1. Quick check on Val277: is it in the same structural domain as Ile18 (by TED's automatic domain parsing), hydrophobic (A, V, I, L, M, F, W, C), free of Cβ contacts under 8 Å to residues at least 40 places away in the same chain and touching a helix residue (DSSP H, G or I) at 6+ places or on another chain (Cβ under 9 Å)?
2. I'd like the full set of residues that are buried (at least 20 other Cβ atoms within 10 Å of the Cβ), part of a loop (DSSP other than H, G, I, E, B) and either of a type in the set (Phe, Trp, Tyr) or modelled with pLDDT under 95 (or both), limited to the stretch 120-133.
3. Quick one: Val215 ticks every box in (1) in a helix (DSSP H, G or I); (2) under 21 Å from Gly158 (Cβ atoms); (3) among the aliphatic types (A, V, I, L, M) except a single one, so which number is it?
4. On the given criteria, is Ala107 modelled with pLDDT of 95 or more and crowded, with 24+ Cβ neighbours inside 10 Å?
5. Evaluate the stretch 359-374: report whether one residue or more is closer than 25 Å to Met283 by Cα and aromatic (Phe, Trp, Tyr).
6. Looking at Ala230, is it of a type in the set (A, V, I, L, M), modelled with pLDDT of 95 or more and part of a loop (DSSP other than H, G, I, E, B)?
7. Which one of Ile341, Ile412 is surrounded by fewer than 19 Cβ atoms within 10 Å (Cβ to Cβ) and not acidic (Asp, Glu)?
8. Does at least one position in the stretch 39-60 carry a residue that is of a type in the set (Lys, Arg), under 22 Å from the mean Cα position of the chain (by Cα) and modelled with pLDDT of 95 or more?
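The values are calculated or read from the model by the stated rules, or taken from the named source; none is laboratory data. As the structure is a computational prediction, the values presented were derived from the model and not from experiment. With ideal geometry, Cβ positions are generated from the backbone for all residues, glycine too; neighbour counts draw on all protein chains shown.
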Amino acid sequence: MTDSLEITPASGPVRGSIRPPGSKSITNRALICAALADGESTLTGALDSEDTGVMIDSLRRLGIAVDVSNAGQTLRVTGCGGKIAATSADLSIANSGTSVRFLTALAALGHGRFRLDGAPRMRQRPIADLLEGLAQLGVNLNSELGNGCPPVVVHAAGLPGGRANIRGEVSSQFLSGLLMAAPYAQKPVELAVEGELVSQPYVRLTLAVMRSFGVDVTDGNLRHFHVPPAHYHGQNYAIEPDASAASYFFAAAAIAGGEVTVEGLSKQSLQGDVAFVDCLKEMGCHVSGQWSVASGQENITISGPPAGKSLRGIIVNMNAISDTVQTLAAVALFADGPTTITGVGHIRHKETDRIGNLAAELRKFGATVDELPDGLRIVPVAKPQAARVATYKDHRMAMSLALVGLRLPGVIIENPKCVEKTYPHYFEDLQKVVGA
């Protein structure tokens, strides 16, 4: 792939059907549970990407066998029964937030020294709340640079357990990492959430994956968790298509008009990001679901506004679906009236500052964008202008803002290769739906 990519506008309303790759969030959670389980697990429909690749590589470095087949979509994992074989390992996790947070907690179950490091941006991403939570549970570990960010060094001697308070306002992944490791603590684990818990659907997703592998957690309405000692059991586990990735194709229908069906995903999905379709419905799109006899699964279809109607600007709290903020921002450029997004202050700490840097790129199209303490307000212009979009090595910046080019000529995406983090074939799949 070249250093930049000019997006070809859709020649008319889009019409197509697509099945995005497997959910990154589910794949990495299932890998952790399968790695710790008794016996062998087979994960089907898995995501093959940079984020899942670094997770698999790290598990192997910890002594856990992972066999990859079917173009990365089938993973056979030989569980370690909660006993980490390696006594030392250096884990390179690139810029994968789920990997560094989940693996830090998993490494605490071992016995030895484990170091986790990543890309330069990863060294700016906070992990202090997770380190504090693990320390309260009796783990000896530290931020190597003393700044509450990776590199992280874990001097593991098993996970003693007990009670820990953990802040919830920066990332739900800290809590998810603790929850998945907690069944293998030496005594029961009690986790209490302090403050607002962001991205709550992802914690529910964690609990659902744990349940599928045989461990039930008392969740206290997502404020207080009790995890008794238990073991996961090997499973044959099917992974849903990625709902965050699906948002781009739903948005394509909203921006370019027409109709797009995402296969294998329903409103009853384990993934909270499927609720993105509710935002589009409020903006004037039509949402429908149908059962496919061929696949035996439900699909979701989005149709753009009917003839003579325009998209409407909305006010929406996206705390629960924050990975789709950039997607909605792209749609907002073509709405009548402003769109205000709130509840997402924590996304400044993602792969890039997804408030400040997103605002900067949207302004290139001529929009007026105000940064808010917990979001942004986007005021579109009648005639957006062409722009060259910086992606900041953020896969979601590239995938979301490429959608603007379906309707506006002259949109160029810098460093399109960054989509390999979660969706290596994104631009090819987008072209299939557009029919260019």
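1. Values: in the same structural domain as Ile18 (by TED's automatic domain parsing): yes; hydrophobic (A, V, I, L, M, F, W, C): yes; free of Cβ contacts under 8 Å to residues at least 40 places away in the same chain: yes; touching a helix residue (DSSP H, G or I) at 6+ places or on another chain (Cβ under 9 Å): yes.
Yes.
2. Arg125
3. The one condition Val215 does not meet is (1).
4. Working: modelled with pLDDT of 95 or more: yes; crowded, with 24+ Cβ neighbours inside 10 Å: yes.
Answer is yes for this residue.
5. Here is the first cut: in the stretch 359-374, the residues closer than 25 Å to Met283 by Cα are 359-374.
After this cut, where a residue has to be aromatic (Phe, Trp, Tyr) as well, the list is 365.
Yes.
6. Numbers: of a type in the set (A, V, I, L, M): yes; modelled with pLDDT of 95 or more: yes; part of a loop (DSSP other than H, G, I, E, B): yes.
Taking the combined requirement at face value, the residue satisfies it.
7. Numbers: Ile341 fails: surrounded by fewer than 19 Cβ atoms within 10 Å (Cβ to Cβ).
Exactly one of Ile341, Ile412 is surrounded by fewer than 19 Cβ atoms within 10 Å (Cβ to Cβ) and not acidic (Asp, Glu), namely Ile412.
8. Restricting attention to the stretch 39-60, the residues satisfying the condition of being of a type in the set (Lys, Arg) are 60.
Pick out the ones that are also under 22 Å from the mean Cα position of the chain (by Cα) and you get none.
Scanning the stretch 39-60, I find no residue that is of a type in the set (Lys, Arg), under 22 Å from the mean Cα position of the chain (by Cα) and modelled with pLDDT of 95 or more, so the answer is no.
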